[in-house]
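This is the structure I have questions about; it appears just below.
Since every read-out is calculated from the coordinates, none of them should be taken as a lab result. As the structure is a prediction and not an experimental result, all values here were calculated from the model. FYI the Cβ positions are ideal-geometry reconstructions off the backbone, even for glycines, and counts take in every protein chain you see.
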Amino acid sequence: MTYNTTSTYISDGLINQGTFSKIIYVKDKSNIRYASKNVTHCEYNIHIKLHHKNIVKIIDSYTTPENICIILKLCKTDLLEFILLEKNHSIILLKDYMKQILEGIQYLHCNNIVHRDIKPENILISMNGNIKLADFGLSSYFQNNNTLISGRKGTSYYAAPEIINKDVYYPTPIDIWSCGVTFYVLIFKQFPFDIHKLNSNIDNKHFRIIFQNNNIDILLKNLFIKMFEIPQNKRITLPEIILHEYFM
Ligand SMILES: Nc1ncnc2c1ncn2[C@@H]1O[C@H](COP(=O)(O)OP(=O)(O)OP(=O)(O)O)[C@@H](O)[C@H]1O
Ligand SMILES: [Mg+2]
């Protein structure tokens, strides 16, 4: 990490206003554009160690008086924008995106990191059309998958029931749940549960999956049922998803 190299990058407009920080376009001296984001030490320390084809790359970083600024490889769009485009994307493309998301999450879990905020806004599509996981602001290290972790409590349409209702939970199943909601939204452009009933103390019966489309691929339906198992120890694991017949 370098110090005070702000002059290396010139601000070039707003990309997106995230909940915690602004993401802006910056240009370097050769006029190459990147994305710039102010992050905490915690987010920086996790993201800087990640090197994988499905994780957005940190090109450079420098400290500011308040926090750390990371310069990221510029992506074309995020998965939410892609979904909202209203185009009928081919299932082959969607399946390929799903596989790449799984590979990114598998890399994180193999490195004892749980993302904890998997959702379409935090999944980018690179200029070459590849999936890049982003936003490690809520990520955390875990010792092993049999040790409970805490923190990040709160409601979200993508959050697993245990993160909404419990103070402690096992790490990797929470990413599987959010990944399931993301896949469902990617395919059906709507949420899998009755979102109006989401509040901080939610009954398990509200997580009944909505399958409106009778033509749904039976293998995909089976995969969703397994990704949305409420008991964490019953939920499908990542290696099992990758080997699931839907992806064969
Ligand atoms: N490298 C990038 N290239 C292009 N766009 C990006 C890049 N990084 C982030 N963005 C855009 O900025 C948005 C917010 O980025 P990010 O999720 O990292 O910030 P955040 O403040 O943590 O957001 P939030 O807290 O709302 O999830 C993304 O949803 C995406 O649209
Ligand atoms: Mg985000």
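Expressed as a fraction of 2.2 N^0.38 Å, the rule-of-thumb size for a compact globular protein of N residues, what is the C-alpha radius of gyration of the range 105-248? All intermediate terms of the calculation are to be shown ahead of the outcome.
On the way: Rg = 14.8 Å, N = 144, 2.2 N^0.38 = 14.5 Å.
For the range 105-248, the normalised Cα radius of gyration comes out at 1.02.
Can you give the three extents of the C-alpha atoms in the chain along their principal axes, from longest to shortest, in whole Å?
The Cα atoms of the chain stretch 55, 40, 34 Å along the principal axes, largest first.
Shifting gears a bit: Starting from the Cα gyration tensor of the range 6-72, take the square roots of the eigenvalues, sort them a ≥ b ≥ c, and report rounded, prolate or oblate (rounded when a/c is under 1.5, otherwise prolate if a/b is larger than b/c, else oblate). Kindly include the intermediate steps, with their values, before the conclusion.
On the way: a/c = 1.44, a/b = 1.22, b/c = 1.18.
Rounded shape, in that the Cα axes give a/c under 1.5.
Which of the peptides 140-149, 167-176, 207-216, 77-86 is most tightly packed, and how do the rest follow, going by the mean number of other Cβ atoms within 10 Å of each residue?
Numbers: 140-149: 12.9, 167-176: 19.8, 207-216: 10.9, 77-86: 15.1.
Averaged packing, sorted descending, gives the order 167-176, 77-86, 140-149, 207-216.
For the chain, what are the DSSP H helices with axial Cα length of 18 Å or more and mean Kyte-Doolittle hydropathy of at least 1.0?
Details: long enough: 91-110 (28 Å, 0.48); 172-188 (24 Å, 1.41).
Span-like helices, by this rule, are 172-188.
How much length is gained if the chain between His41 and Lys76 is pulled fully straight, taking 0.36 nm per residue apart and subtracting their Cα-Cα distance, in nm to one decimal? The partial results should precede the final answer.
Details: separation 35, 0.36 × 35 = 12.60 nm, distance 2.64 nm.
Additional length available on full extension: 10.0 nm.
Moving on. What list of ³J(HN,Hα) couplings, whole Hz, do you get for the range 134-148 from phi and the Karplus terms 6.51, -1.76, 1.60, once you set θ to phi - 60° and write x for glycine and proline?
9, 6, 9, x, 10, 6, 8, 7, 9, 6, 7, 6, 9, 9, 5
For the range 119-239, what number of Lys pairs, 8 or more residues apart or on separate chains, have alpha-carbon atoms under 15 Å from each other? Working shown, then result.
Working: Lys119/Lys132; Lys119/Lys189; Lys153/Lys166; Lys197/Lys205; Lys226/Lys234.
Value for the range 119-239: 5.
Mind ranking 35-47, 54-66 by how tightly packed they are, going by the mean number of other C-beta atoms within 10 angstrom, highest first?
Result, highest mean first: 35-47, 54-66.
If you don't mind, there's one more thing I want to ask. Could you work out how far apart the two model spin labels at Leu243 and Phe191 are, taking each label as a point 7 Å from the Cα in the direction of the beta carbon, and quote it in nm?
Placing both labels 7 Å beyond Cα along the Cβ direction yields 3.4 nm.
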